[in-house]
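Comments concern the structure below.
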Amino acid sequence: VTTAGGGTLLSADTKSASHVLTNFDEKVVINVLEKAVEFSYLVALNIKGKVLGVYMVSKGTISSSMMAVREIFLAALLIGAVNIVIVHNHPSGDSKPSKDDIDCTKRIEEAGNIIGIRLLDHVIIGRDNYFSMKEAGIIEN
């Protein structure tokens, strides 16, 4: 997954079973593949695509995670983010989004458009793959 500034934001390291959020020289490792339940993370970015912070925004069950749009944007606003990326895992290993995943993404995108914080992507991590809502055309920005 690539940021607006052209840097790689998400890459898979299958040897360590982790996904690495990378922003040029910075690396933040999120080990989501070893989780037995769903975890959702907010990646807050400045206008140049620099990672300002990574925050866990929800911890769910084996098959779902309730992300509160309010909590996502509260964190993004407090750190001064201009753009955000949401990342969550599917413990089943299948990165295909559920209807709830798509609906949640659309609510986050709409709220972001209203307050001026752009949702760049919502990435679902599977065992050996990922699903990008941006690449699939679900995110319109």
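The values are calculated or read from the model by the stated rules, or taken from the named source; none is laboratory data. All of these numbers come straight from a predicted model, not from anything done at the bench. Neighbour counts run over all protein chains shown; Cβ positions are idealised from the backbone, glycine included. Protein only, heavy atoms only, side chains kept; ligands, DNA and RNA dropped before computing areas. Shrake-Rupley method; radii C 1.70, N 1.55, O 1.52, S 1.80 Å.
Brief remarks follow.
- Listing of strands (runs of 3 or more DSSP E) fully contained in the stretch 69-141 that carry 1 or more residues being open to solvent by 40 Å² or more (accessible area, probe 1.4 Å) and touching a strand residue (DSSP E or B) at 6+ places or on another chain (Cβ under 6 Å): 118-125, 130-132
- Of the set (1) under 15 Å from Asp128 (Cα atoms); (2) modelled with pLDDT of 90 or more, all apply to Ala12 but (2).
- For the stretch 111-135, the set of residues classified as within 15 Å of Tyr41 (Cα to Cα) and of a type in the set (Val, Ile, Thr) consists of Val123, Ile124, Ile125, listed by residue number.
- Any chance Met56 is touching a Ser or Thr at 6+ places or on another chain (Cβ under 9 Å), assigned to a loop (DSSP other than H, G, I, E, B) and modelled with pLDDT of 70 or more: no
- Residues of the stretch 57-81 satisfying the condition of being closer than 24 Å to Glu135 by Cα and touching a Leu at 6+ places or on another chain (Cβ under 7 Å): Val57, Ile72, Ala76, Ala81
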